[in-house]
1. Within the chain, which whole H helices from DSSP have a Cα span along their axis of at least 30 Å and a mean Kyte-Doolittle hydropathy of 0.0 or more, if any?
2. Calculate for the chain the 222 nm mean residue ellipticity that helices alone would give, adding -39,500 (n - 2.57) per DSSP H run of length 4 or more and normalising by residue count, nearest 500 deg cm²/dmol.
3. Express the C-alpha Rg of segment 20-115 as a ratio against the empirical globular expectation 2.2 N^0.38 Å, rounded to two decimals.
4. Across bins of 10 angstrom width beginning at 0, how are the C-alpha pair distances of the chain distributed, in whole percent?
5. So what is the relative contact order of the chain, in percent, for Cα pairs below 8 Å that sit 6 or more residues apart?
Amino acid sequence: MVAQLQATQAGVNQYAELEARRIGIQIAFALMYTVIALIVLLSAVWIGLQFRQLLVAPIRRLIGAAQVVATGNLYVQVPIRRSEGDLAQLGETFNKMTQELRTQRDDIVRARDLIDSRRRFTEAVLSGASAGVIGIDAESRISILNRSAERLIGHLEAEALHQPLADIAPELVDLVATARSGVQRLVQGQVTINRNGRERNLSVGVTSEQSSDR
């Protein structure tokens, strides 16, 4: 019985000791759970920031490149990173687009320079011609007028260019219509022009060009 009493007393003492340490153990567990929760939260935030960086960085590069293109610089290229998946393919498409635009712009610039060169050559030749030369487009608007023609019709080139022939030299309208409706490349005739009270009889030849704009 004494042994049983001693064992019982030892159990009671042990329980009392555990009861005294219960609050400390609870606090320790609470701190541990708090630390684990903070670690999980910080990890989630870090992963979210990394994912945002992976997702937003290619879009920012595209936006920056598009802004550069908007200024007229078509030589900009977006860096391609295969790890970015569909965004990398989007960057490749953007680079191909800028390359095609650059090629088309260069072609247009070369064509414009060629047209300007031909126009200057034509103007230089026509300016020295003694005969009056008038060119019209498909809409019968004046596109070429040399100095001799200026004196004959009484209008400067700056006044006559891009104006309807009927407004500048209505006397020539019938011959032009005949040249366009007939099969002959050259139609000749006599017209009378009255400018500033001075009447002139002119021998006019009209030739048509088979092209898309004249």
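1. Details: long enough: 2-70 (99 Å, 0.99); 86-127 (60 Å, -0.78).
Correct list, ordered by number: 2-70.
2. -22000 deg cm²/dmol
3. Numbers: Rg = 26.5 Å, N = 96, 2.2 N^0.38 = 12.5 Å.
Expressed relative to 2.2 N^0.38 Å, the Cα Rg reads 2.12.
4. The percentages, shortest bin first, are 6, 17, 13, 9, 9, 10, 8, 6, 5, 4, 3, 3, 3, 3, 1, 0.
5. Relative contact order for the chain comes out at 9 percent.
Taken together, the values in this text are just the output of simple stated rules run on the coordinates, not laboratory data. These numbers were taken from a predicted model, which means no experiment stands behind them.
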